[in-house]
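Input: a single structure, listed below in structure tokens.
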Amino acid sequence: MELDRLLPAYEFRSHHHRRIAADRDTTWEAYRTLTPEDMPTSWQLMRMRGFGRSGPPGPADDTFPVPLLSTVPYEEVRGRAGRYWQPRPTYAPLPPGDADAFRALSEPGWAKAAVGIRVVPDGDGSVLTVETRVHCTDLRSRLAFAPYWLAIRAGGAGLIRLELLRAVARRAEARTGA
């Protein structure tokens, strides 16, 4: 998995998946063509946090998280380092999309968040997986991030991941008539 190459060590993790009644190509294309209209709740949550103006996290919004790795078909990793626990997050001064700079960041005070999206075949359908990992660069940032993670894991971030899975399934299955 590309996520293992980018962020193999982490303190926080969430994992969501869904079986979709569509082949891998159709499911991946459905993911790649998501729009803010497909994920209205996510779009509003992201706007409230100031993560971007163009839409929910996904291909339609390259502001957060930033694409970092897409070296294999049907998989990509997006991520960004920030101080997410602040009311308005600040971000590490890394070149956008630079996986090596993201990997190398070790300066104290940051949480490196990466989201891996992957589609694998499953019989006559496919499985879409969204995994989020967060590694904090020091104990102080880990202690600051932990309460934030507890709040968003089931709330905002969890809802965004579930809405993404539903939106992709709806698009992909509509294309196949499932």
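The values are calculated or read from the model by the stated rules, or taken from the named source; none is laboratory data. The shown structure was predicted, so the numbers you read here are calculated from the model rather than taken from an experiment. In this analysis, Cβ positions are derived from the backbone assuming ideal geometry, glycine residues included, and neighbour counts consider all displayed protein chains.
Give the residue, chosen from 72, 77, that is within 19 Å of residue 168 (Cα to Cα), among the aliphatic types (A, V, I, L, M) and either at pLDDT 85 or above or part of a loop (DSSP other than H, G, I, E, B) (or both).
Just one listed residue meets the conditions, 77.
Got a number for residues in region 139-171 being touching a helix residue (DSSP H, G or I) at 6+ places or on another chain (Cβ under 7 Å) and of a type in the set (Val, Ile, Thr)?
2
Taking region 1-23, which residues are in a helix (DSSP H, G or I) and surrounded by fewer than 17 Cβ atoms within 10 Å (Cβ to Cβ)?
Correct list: 4, 5.
Matching residues to (1) outside any loop (DSSP other than H, G, I, E, B); (2) more than 16 Å from the chain's Cα centre (by Cα):
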{"position": "96", "(1), (2)": "no, no"}
{"position": "106", "(1), (2)": "no, yes"}
{"position": "119", "(1), (2)": "yes, no"}
{"position": "128", "(1), (2)": "yes, no"}
{"position": "145", "(1), (2)": "yes, yes"}
{"position": "152", "(1), (2)": "yes, no"}
{"position": "164", "(1), (2)": "yes, no"}
{"position": "170", "(1), (2)": "yes, yes"}
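Run residue 106 past the list (1) touching a Ser or Thr at 6+ places or on another chain (Cβ under 6 Å); (2) at pLDDT below 95; (3) polar (S, T, N, Q) and report the number of the one that doesn't hold.
It is condition (2) that residue 106 fails.
Every residue, every condition in (1) exposed (fewer than 15 other Cβ atoms within 10 Å of the Cβ); (2) at pLDDT below 95, yes or no:
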| site | (1), (2) |
| --- | --- |
| 132 | no, yes |
| 137 | no, no |
| 150 | yes, yes |
| 162 | no, yes |
